[in-house]
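A.B. asks: One structure follows; several queries about it will come next.
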Amino acid sequence: MASITIKDIAKMCGVGVTTVSRAINNHPDISEETKTMIMKVIKENHYVPNNSARNLKRSVSKTIAVLIKGITNPFFNPMIQVFERETQRRKYSFILQRVDEKQDEIEVAIELEKEKRLKGIVFLGGYFSHSKEKLDQLTVPFVLSTIGMAEEFDLNDYSSVSVDDVKESYKIVDYLCNEGHRKIAIITAPMDDVSIGKLRYEGYRKALKHHGIEFNERLVRCMREDIDSYSMENGYEVTKELLQSGEEFTAIYAVSDSLAIGACKAIFESGRRVPEDYSVVGFDGLDISFYYNPSITTIKQPTEEIAQETIKILFDLIDKKITHAHKTFPGELVIRNSTKRLN
C-alpha cells in the first residue's frame, strides 16, 4: 500500500500543498475552519508528516520498534532487555511502544512506521486477529513474538516465534489429570480471543477429552475485561467469583503465572489452602512463580531463546535473506509445591 503524501492530502481537501503545510505547522495565516478540515482528513488517512523529510530523504533509517501489549506483564521484561541489547549491537535504534488493551496494534504500527521511518517491527504479546488485508498495510518486515496465531492465518503471511501453546497447555492439564484431578477449572481469556488464550484453552479441552473427563463449562472462567488481562488482580477476582459460585473443583489451571498467584490469594482469603484443598498451576515460568509460597507448578517458556530468535528472524527479513519464518520452542513442565496428588 502506497504511503499518503502531502500532495494527496491537498487534493482530498481541495487546497494547495502550502495550505496543508500551514495547517500542520499551526501557521496563523489560515482559517480555523480550513485547518480543522485538513487535520480531520490527515487523521482519517493516517498521514504522519515527516518534518525532517527534506533533509533526510536519502538517509537510511536504522530503527526497530517493539510494540507491546501487556507492558505490565513481568514475562516480557527479560525479552525487552534482549531486544534492546541485540538491536544496539547491530547499531540500530530501539523504540519500545506500549499499545493499550483496546488499541489496534496495526494502526499504531502504521503511524509509527511513517513517523519514525522504521526498518522493522516486533509485535509482542496480546491478541492478534487481523485480516490479511490489514497485515498487508505494513510496508516493513515484522515478527509476531509470543503471540501464537490461530489456524485461520496463512503461515506465508507473517513470521512468528513462540511455544506451541496448545501442546504445552495440554501437557500441564495432562499432569493434573494424572495426579487424579477430574474437576479442573480454567482461568482463560475471553472466548472471542483467537491467540494464546484460545490456544491454551484448546489444550485444556484436549487433555480433558483424552482422559475421558466430561467437559463442564461452569468451570471455564474468563478473565474480567475491566481489569488488566493476565494479571494477579484478574486471577484473584475471577477465583473469588468461582469460589462463591459453589461449583466443585479440585484444581485450577490459570493460563499465566500472574493469574495463578492471584488465584492462590483468593483461595487463602476464603480460609482454604494450596495445595491441601486446591491445586493451582500456571503458565510462563516467571521468577515470582518460584519465589512465591507455595512455589507454582508451571510451564516454563524459554524467554531468552524466544527473544534471540525473534531478533534474528527480523534482521534476516530486513536483509532479505528470507521472506518469512516460524520457530516453535518447547516449554518445560516444572513441578513445584502448588499441586497435590489426589488419593
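A.B. asks: Go ahead and collect, in residue order, the members of region 127-147 whose backbone nitrogen is under 16 Å from a label point 7 Å along the Cα-Cβ direction of D104.
C.D. replies: The answer is 127-139.
A.B. asks: So, one more: Express the carbon and sulfur contribution to the solvent-accessible surface of region 77-160 as a percent, rounded to the nearest whole number, probe 1.4 angstrom.
C.D. replies: Ligands and nucleic acids excluded, carbon and sulfur give 43 percent.
A.B. asks: Considering Cα pairs under 8 angstrom that are at least six residues apart, work out the relative contact order of region 165-301 and quote it in whole percent.
C.D. replies: Over region 165-301, the number comes to 24 percent.
A.B. asks: So what does log10 I(q)/I(0) come out to for region 236-330 at q = 0.10, 0.12, 0.19, 0.25 Å⁻¹, using the Debye formula with one equal point on every Cα and no solvent?
C.D. replies: -0.40, -0.51, -0.83, -1.21
A.B. asks: Using 0.36 nm times the number of residues separating L96 and L342, minus their current alpha carbon distance, what extension gain do you get?
C.D. replies: The L96-L342 span can extend by a further 84.0 nm.
A.B. asks: Rounded to the nearest 0.05, what FRET efficiency do I318 and I213 have when you use their Cβ-Cβ distance and R0 = 51 Å?
C.D. replies: The computed FRET efficiency comes out at 0.60.
A.B. asks: For the chain, what number results from the quotient of the Cα radius of gyration and 2.2 N^0.38 Å?
C.D. replies: So the Cα radius of gyration is 1.17 times the expected 2.2 N^0.38 Å.
A.B. asks: So, one more: If you roll a 1.4 Å probe over the heavy atoms of the protein chains, what accessible area per residue do you get for region 297-343, in Å²?
C.D. replies: Heavy-atom SASA per residue in region 297-343 reads 55 Å².
A.B. asks: Just going by the charge dipole of region 165-301, with Lys and Arg at +1 and Asp and Glu at -1 on Cβ, which of L286, T297, S231 is farthest out on the positive end?
C.D. replies: T297
A.B. asks: While we're on this one: Which of the GluC sites (Glu not before Pro) found in region 175-260 are in a DSSP loop and have at most 15 neighbouring Cβ atoms, other than their own, within 10 Å?
C.D. replies: The qualifying sites are E214, E225, E247, E248.
A.B. asks: A further question on this structure: Counting only protein heavy atoms, what percent of the accessible surface of region 165-301 is carbon or sulfur at a 1.4 Å probe?
C.D. replies: 46
A.B. asks: Tell me the label-point distance for the pair K167, K43, using the 7 Å Cα-to-Cβ offset, in nm and rounded to one decimal.
C.D. replies: Output for this residue pair reads 4.7 nm.
A.B. asks: Over the chain, calculate the relative contact order: mean separation of alpha carbon pairs under 8 Å at least 6 apart, over the residue count, as a percent.
C.D. replies: 16
A.B. asks: Under the rule of -39500 (n - 2.57) per DSSP H run of 4 or more residues, summed and divided by the residues of the chain, what mean residue ellipticity at 222 nm is obtained, to the nearest 500 deg cm²/dmol?
C.D. replies: When only DSSP H runs of four or more count, the value is -12000 deg cm²/dmol.
A.B. asks: By its C-alpha gyration tensor, with a ≥ b ≥ c as the square roots of the eigenvalues, how is region 188-299 shaped: rounded for a/c under 1.5, else prolate for a/b larger than b/c, else oblate?
C.D. replies: Judged from the Cα gyration tensor, region 188-299 comes out rounded (a/c under 1.5).
A.B. asks: For region 182-238, what is the convex hull volume of the alpha-carbon atoms per residue, in Å³?
C.D. replies: So the per-residue Cα hull volume is 82 Å³.
A.B. asks: What whole-number distance in Å separates the alpha-carbon centres of region 305-326 and region 1-39?
C.D. replies: Centre-to-centre (Cα) distance: 39 Å.
A.B. asks: Still on this model: For the chain, with only Lys/Arg (+1) and Asp/Glu (-1) charged at the beta-carbon, what is the dipole magnitude about the Cα centre, in debye rounded to 20?
C.D. replies: 1180
A.B. asks: Counting heavy atoms of the protein chains only and a 1.4 Å probe, report the per residue accessible area for region 155-225 as a whole number of Å².
C.D. replies: Heavy-atom SASA per residue in region 155-225 reads 44 Å².
A.B. asks: Follow-up question, since we're still on this one. May I ask you to order 262-268, 327-333 by the average number of other C-beta atoms within 10 Å around their residues, highest value first?
C.D. replies: My ranking of the peptides, most packed first, is 262-268, 327-333.
The values are calculated or read from the model by the stated rules, or taken from the named source; none is laboratory data. Computed from a prediction, not measured in an experiment: that's the story for all the values here. Methodologically, a virtual Cβ is constructed for each residue, glycine included, from the backbone with ideal geometry; neighbour enumeration extends over all protein chains shown. The area values use the complete protein model at the heavy-atom level, side chains included, leaving out ligands, DNA and RNA. Shrake-Rupley method; radii C 1.70, N 1.55, O 1.52, S 1.80 Å.
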